[in-house]
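Here the structure comes first, spelled out in structure tokens, and everything after it is commentary.
The values are calculated or read from the model by the stated rules, or taken from the named source; none is laboratory data. The model shown is predicted, which means the values in this text are computed figures rather than measured ones. Here the Cβ is made from the backbone with ideal geometry for all residues, glycine too, and neighbour counts use every protein chain on show.
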């Protein structure tokens, strides 16, 4: 197959969204790292220059991804997965420690973050396993295997420590749900999170009272129409109350203070203004500063390179995890809403593309791509705008980081390569 | 369902994010960005406050440079403490203590180490300062008074408080603003406009460079110098005469309404409210609630005007045609209101306008007052006419002069008495005391002076004002340059002025004549009361005097109000004559009188109500 025909059939809309995001991302990295002494764009010792280099490298990667045979990815996905896991393991003896986390290999000219690579490999491997003719997702054993595929890299990454990146792998559950994992699993998961949050926010007592009240009302209404299975119902209630009690225990005795602080900041648990101020200055400093920076942008922002808080370095990690706050300060609501809409449209477009695949592997991989990108977007932006607790993961295509940009690009373009081939039956 | 799960979640999150962002960036957004931005430091460059001169170009208020030695504790490097302390004339213990205090306040922000060095010390230190890292000298400017008088007129400046900050966005914490007097009234002219410089900082509070390359910065605008209408010499002279007395003196130039002097006694040296001892002195002055030196009596003390008020009643009667110059009224050493007799000191006999004024006959003016009311069918109508005429002299309302404080005084209206006695339940005999300036009428010294100026001008006055020039340019505000006309025709003034001139020649003030100057005046003796332990007690009369001179082409109109000074010519009359002589001749020939007035005090009178003992009033002790 010639590269030319691939370029003809590739989904240019997705490519456009991709290019918009990378461009906006680089512009804001430039703004948050440039100094007035050295304003050159092509300065490869500066971070924005390095990022420009990786943007070039990504184009090269795109060309390679598109040039490769389409069934190459499906055929070798298990191997990729295996290699990725070995590389992850290899971090423990050979990795380089930056800011307390052993998450990088020092390759001389740049630091490779293998967890980014593992995301691509895991998405491929999961698609491969689920699309196998022998896999039946209704079977408990197969469910377990599928979950194991995304659990292994997560477990390998947690002790680096990099819990944020580990969390990303659980987003691949969306793929399994799409392929038939019963949705009540999701219901249970949702219930667990709900009880957890409700317990912290309102306390076990109020939770129990309101639950009891709801059940009584439910009984009174439904009494005539059907017979309520009292015993399972009651035991479910008891389980909930017990779980709620255990949440209290875990929160107070298992969690460390910094975890508790994050939750109390997120859920606004702390009522004492003095302590709140303390939390704001320490654990909540990043969130507070980034919220303020975004807020100060207003509707139209302060203008490119005019962000005073950005220039003053008030928001830490502003070129990487907190890049969105630069956008907020300098481009205002117009900029932030453009980014949010571009991401949303990209995701919806990719889901649409995935659904139209004839090959189940392509569809599942497509879902994997959306899930991974989406969870990054959700957690990162949610954290920067102060509605989710602080979890350090980058914003795809936009945050500074060579490995990130390169592997997010590869992740996306493997799917676009698969999609470009969807009408061809011959694999 | 399973197909829609992820798409709907994506849409839901998209909407949530847009909602949160619009909340942050549109609803919480505050447009006052620069002030709140921790990344921008604002540096102000303060212009020098404008100088204040008197009407003849003599300096009243200037500025004095003061040099504070500042310290930024974090930047201090090890130094030769002994040498530095000897340079600063500071003991080593004190130095260490100050440094510790500064560090506790803030290691990063400057604190004052030594206040207000002298110019000589500054010169000596300036060159050597470079050696000592973390220390520098900051120049400040303090108000300097080239006079020890006029404290209440000139006013003082002090640091802005929360209320000022809320009211006026211009100020920031720690800045100075005019608090009273001219300093407050002409704050914006004197102050100028501070220059602003914005500096971009990083999160370690280090300067990175000018914000927006300095495009928003402004340079300071100098404060303007102003000239007041005050005559420095007269003002100082008047204050010397007021030593030991309470009351107010206001002198005006009738032809322009310019305030030549505005004296309140007791007063204080304006220099007390400058510099290091300011707050201690202020508390002392403020807590003196008996003598009340910070209360400007010349514009705030509303008192019964007493006999000078008779001149206005005469004018109104002439204007209304109820008397002419030949109309006579007999004085029976007093007059009757119903069955009760009120006294008069004029000696009795037939009185007309002329002798009524120069002998200050109560009976004549009570009769005249009745005639005004008898002209009309109802007392209400008479009251309205009387009130209208009175108010046309600037009484009973704010005069509109350019000082920040004032009092209305009082010209009672029919509504006032209706409230007091009930509708139609009062007549002219109820209010007869107003004919002689007692009763319900009240006026401030500045109103009395203005009334006198209106008489001197034969029927019009210019609103009194204190500002003469800004940067050498005369004011053109029509409020002050256009005359206000009274409701009395010009022709009626001559007989009244004749009476006032005779006050000097042969009347109640014949003792206070000034050689070569013809004066028209009117004495006043105002009864007054206070409460001692809840009992209404009469005190020694207030001594009142209004005058203008020369009678033809008047140059000065003056009102002198001396609390508890007994009869009109005793204190007020003498002081007024000295002031007039000083202003017109430039010097006083009657040295004996001058000496007596400078030395006499009324402290013994003011002590009486607080003595706790029985006391006599209106004693003839001289």
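Residues that are away from every other protein chain (no Cβ under 14 Å), touching a strand residue (DSSP E or B) at 6+ places or on another chain (Cβ under 6 Å) and either over 30 Å from residue B:269 (Cα atoms) or surrounded by fewer than 15 Cβ atoms within 10 Å (Cβ to Cβ) (or both): does the range B:21-35 have at least one? The answer is no, given that none of the residues of the range B:21-35 is away from every other protein chain (no Cβ under 14 Å), touching a strand residue (DSSP E or B) at 6+ places or on another chain (Cβ under 6 Å) and either over 30 Å from residue B:269 (Cα atoms) or surrounded by fewer than 15 Cβ atoms within 10 Å (Cβ to Cβ) (or both).
A single entry from B:251, B:291, B:314 fulfils the requirement of being over 24 Å from residue B:577 (Cβ atoms), in contact with a helix residue (DSSP H, G or I) (Cβ under 9 Å, 6 or more places away or on another chain) and touching a residue at least 12 places away in the same chain (Cβ under 8 Å): B:291.
Assess whether residue A:156 counts as being in contact (Cβ under 8 Å) with a residue 40 or more places away in the chain and part of a loop (DSSP other than H, G, I, E, B). Taking the combined requirement at face value, the residue does not satisfy it. Any residue at all in the range A:49-56 that is under 30 Å from residue B:201 (Cα atoms) and in contact with a strand residue (DSSP E or B) (Cβ under 9 Å, 6 or more places away or on another chain)? Looking for residues that are under 30 Å from residue B:201 (Cα atoms) and in contact with a strand residue (DSSP E or B) (Cβ under 9 Å, 6 or more places away or on another chain), one finds none in the range A:49-56, hence no. From the list A:57, A:118, A:125, the one residue that fits, being in a helix (DSSP H, G or I), in contact (Cβ under 8 Å) with a residue 60 or more places away in the chain and under 24 Å from residue A:18 (Cβ atoms), is A:57. Taking the listed residues B:38, B:47, the one that is facing chain A (nearest Cβ under 10 Å), touching a residue at least 40 places away in the same chain (Cβ under 8 Å) and either part of a strand (DSSP E or B) or touching a strand residue (DSSP E or B) at 6+ places or on another chain (Cβ under 9 Å) (or both) is B:38, with no other qualifying.
For first residues located in the range B:338-363 and farther than 24 Å from residue B:511 by Cβ, partners that are in a loop (DSSP other than H, G, I, E, B) and lie 6+ apart or on another chain with Cβ distances below 8 Å form the pairs B:341/B:332; B:350/B:328. Candidates in the range B:191-210 are the residues that are part of a loop (DSSP other than H, G, I, E, B) and modelled with pLDDT of 85 or more; of these, the one that is nearest to the chain's Cα centre (by Cα) is B:192. Taken together, B:199, B:157 contain a single residue that is closer than 23 Å to residue B:115 by Cβ and either in contact (Cβ under 8 Å) with a residue 60 or more places away in the chain or outside the structural domain of residue B:48 (by TED's automatic domain parsing) (or both), which is B:157. Highlighted here are the helices (runs of 4 or more DSSP H) found entirely within the range B:308-377 that include at least 1 residues which are more than 37 Å from the chain's Cα centre (by Cα) and assigned by TED's automatic domain parsing to the domain that holds residue B:424: B:362-374. Across the range A:133-147, the qualifying residues are those that are part of a helix (DSSP H, G or I) and over 19 Å from the mean Cα position of the chain (by Cα), and the one among them that is surrounded by the fewest Cβ atoms within 10 Å (Cβ to Cβ) is A:140. Would you please name the residue that is farthest from the other protein chains (Cβ to nearest Cβ), looking only at residues in the range A:272-300 that are closer than 15 Å to residue B:23 by Cβ and part of a loop (DSSP other than H, G, I, E, B)? Filtering the range A:272-300 for residues that are closer than 15 Å to residue B:23 by Cβ and part of a loop (DSSP other than H, G, I, E, B), the one farthest from the other protein chains (Cβ to nearest Cβ) comes out as A:299. Note on the range A:308-421: enclosed helices (runs of 4 or more DSSP H) holding 1 or more residues that are within 12 Å of chain B (Cβ to nearest Cβ) and at pLDDT below 95 are A:308-311, A:323-355, A:360-384. Among the residues making up the range A:171-200, those that are more than 14 Å from every other protein chain (Cβ to nearest Cβ) and surrounded by 14 or more Cβ atoms within 10 Å (Cβ to Cβ) are A:191, A:195, A:196, A:197, A:198, A:199, A:200. For beta carbons closer than 8 Å, sequence separation of 6+ or different chains, a first residue in the range B:594-622 that is over 17 Å from residue B:567 (Cβ atoms) and not assigned by TED's automatic domain parsing to the domain that holds residue B:562 and a second that is at pLDDT 85 or above and in a helix (DSSP H, G or I), the qualifying pairs are B:615/B:608; B:615/B:609. For residue B:159, the conditions (1) under 25 Å from residue B:267 (Cβ atoms); (2) touching a helix residue (DSSP H, G or I) at 6+ places or on another chain (Cβ under 9 Å) all hold with the exception of (2). Of these, A:60, A:19, which one is more than 14 Å from chain B (Cβ to nearest Cβ), modelled with pLDDT of 95 or more and within 23 Å of the chain's Cα centre (by Cα)? Step by step, each of A:60, A:19 is checked, and only A:19 is more than 14 Å from chain B (Cβ to nearest Cβ), modelled with pLDDT of 95 or more and within 23 Å of the chain's Cα centre (by Cα). Does residue A:167 satisfy the criteria of being touching a helix residue (DSSP H, G or I) at 6+ places or on another chain (Cβ under 9 Å) and either within 14 Å of another protein chain (Cβ to nearest Cβ) or farther than 21 Å from residue A:378 by Cα (or both)? The answer is no for residue A:167.
Just give me the residues in the range B:528-556 being under 23 Å from residue B:605 (Cβ atoms) and surrounded by fewer than 16 Cβ atoms within 10 Å (Cβ to Cβ), in sequence order. Selection gives B:529, B:530, B:531, B:532, B:533, B:534, B:535, B:536, B:537, B:538. Return the total of residues in the range B:208-222 being within 10 Å of chain A (Cβ to nearest Cβ) and in contact (Cβ under 8 Å) with a residue 24 or more places away in the chain. Adding up the residues that qualify gives 1.
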